[in-house]
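Throughout, read-outs are computed from the coordinates displayed, never taken from laboratory work. Values in this document were obtained by computation on a predicted structure and should not be read as measured data. Methodologically, a virtual Cβ is constructed for each residue, glycine included, from the backbone with ideal geometry; neighbour enumeration extends over all protein chains shown.
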Amino acid sequence: MPPTPAVVDDTRRPMTVRLAAPRGFCAGVDRAIQIVERALEKYGAPVYVRHEIVHNKHVVDRLKAMGAVFVKELDDCPDDRPVVFSAHGVPKSVPATARSREMLFLDATCPLVSKVHVEAERHHAAGRHILLIGHAGHPEVIGTMGQLPPGAITLIETVGDAETFVRPVHAPLAYATQTTLSVDDTAEILAALKRRFPELPDPHKEDICYATTNRQEAVKRLGAVSDLVLVVGSKNSSNSVRLVEVAQRAGAVAAHLVDDAAQIDWAWFEGVRSLGVTAGASAPESLVQGVIDAVCARFDAEVSEDDGLRETVTFKLPRVLTA
Ligand code: 0CN
Ligand code: SF4
């Protein structure tokens with residue numbers, strides 16, 4: 001019989017826990033969730049929501065329990081109930097269809113995503129071909145590409161794409177980006193584009209939003225001093241997944257994405273003395289608290305919060321919900 005492995009009782013050993021600042025909800029997510037909540041208050045249930053309002057399982061489940069119905073497409077909504085468009089934005093055809101069906105719709109597109117839509121339209125009107133740096137299939141990319149006719153925008157996902165892109169004849173170029181990309185990867189893609197097309201504007205003019213930038217900066221600091229980093233967020237949340245990558249590149253031995261404390265695999269803690277915790281822009285703070293509580297219940301933890309940037313951005317709700 002093989003020897004039974006010795007069971008190491010890991011619990012109650014010391015653990016340094018650092019919380020990233022800033023982390024969690026951004027102004028666009030806060031606004032989008034409030035739009036669904038206020039719509040439910042004002043119009044009663046059901047309120048339809050096209051696509052997950054934000055990419056977080058717990059947020060979606062909570063709103064479902066309050067009477068929100070999440071659907072993939074407008075075709076799945078009745079004409080006579082309100083529908084909310086998610087924070088990630090929608091192609092122009094979506095509000096156009098809602099109007100033609102005389103539906104009551106509320107647009108929860110983050111104003112920073114709408115800003116990219118407006119920029120793309122401006123470039124197109126000036127006769128420029130647009131390079132959109134982003135991830136294929138992500139709803140924000142589908143929404144931004146859907147602002148303009150087919151062929152007006154080329155999606156660039158990688159440095160390789162930047163190197164092989166063929167400029168449509170005679171077209172001057174412009175670029176736009178998804179708001180939740182890796183700041184460092186995007187800089188590399190833009191540098192590759194700029195090498196080939198020096199007339200492009202400077203790389204610091206990308207559209208990565210303040211929340212994405214600040215959370216990546218904060219997790220970079222954590223990654224440099226932590227053995228393990230836990231990122232609270234859902235798998236389909238682009239900005240949350242980027243935080244895991246940034247933490248790893250910054251020097252953390254390991255970094256994992258968890259929806260909540262229940263998803264922690266305690267085997268990850270073997271040999272770990274310092275833990276960093278952060279949360280994506282769509283992850284509620286209560287879940288971060290749940291992770292901290294679980295860690296404190298298991299280890300002799302000393303918890304501190306990083307002295308990071310204080311964010312003061314807020315966005316107004318649509319007037320129809322505040323009147
Ligand atoms: O997690 P999110 O809902 O979306 P992505 O990071 O996948 O874009 O966070 C809100 C961001 C927006 C728009
Ligand atoms: Fe807006 Fe940025 Fe938040 Fe997305 S991550 S909702 S772009 S503030």
Dmax and Rg, reported as Rg then Dmax, of the range 1-117 (C-alpha, Å) = 21.0, 73
The rounded separation in angstrom of the Cα centers of the range 74-142 and the range 192-228 is 25
If you look at just the Cα atoms of the chain, how large are its Rg and its Dmax in Å?
-> 21.8, 77
With labels modelled as points extended 7 Å from the Cα through the Cβ direction, what inter-label distance (nm, one decimal) is found for Lys92 paired with Ala125?
-> 1.1
Which value, in debye to the nearest 20, gives the size of the charge dipole of the chain about its Cα centre, when Lys and Arg are +1 and Asp and Glu are -1 at the Cβ?
-> 720
Which residue fluctuates the most in the chain, going by a Gaussian network model with Cα springs under 10 Å, if the choices are Ala283, Ala224, Ala20?
-> Ala224
Just rank Cys26, Cys296, Cys110, fewest to most, by other beta-carbon atoms within 10 angstrom.
-> Cys296, Cys110, Cys26
Report the far tail of the P(r) of the range 248-323, meaning the percent of Cα-Cα pairs longer than 15 Å.
-> 67
Expressed as a percent, the portion of alpha-carbon pairs in the range 49-141 spaced more than 22 Å apart is 35
Of the GluC sites (Glu not before Pro) in the range 225-323, those whose Cβ has at most 11 other Cβ within 10 Å and which sit in DSSP loop | Glu270
For the range 229-238, in residue order, the Karplus 3J(HN,Hα) values (coefficients 6.51, -1.76, 1.60; θ = phi - 60°; whole Hz; Gly and Pro = x) are 10, 9, 10, 7, x, 9, 5, 8, 8, 4
Among Leu148, Ala162, Ser114, pick out the residue whose Cα is farthest towards the positive end of the charge dipole of the range 111-196, where Lys and Arg carry +1 and Asp and Glu carry -1 on C-beta, about the Cα centre.
-> Leu148
What is the spread of the Cα atoms of the range 137-198 along each of their three principal axes, largest first, in whole Å?
-> 31, 29, 16
When only DSSP loop residues count, what trypsin sites (Lys or Arg not before Pro) in the range 62-150 have their Cβ near at most 15 other Cβ atoms within 10 Å?
-> Lys72, Lys92, Arg101
Taking the convex hull of Cα positions in the range 176-310, its mean projected area over all directions (nm²) | 8.8
If the limit is 22 Å between Cα atoms, which of Lys64/Lys235; Lys115/Lys316; Lys205/Lys316; Lys72/Lys235; Lys92/Lys235 go over it?
-> Lys205/Lys316; Lys92/Lys235
Any idea what diffusion coefficient the range 117-254 gets from Stokes-Einstein, in µm²/s, Kirkwood Rh on alpha carbon pairs, 4 °C, 1.567 mPa s?
-> 82
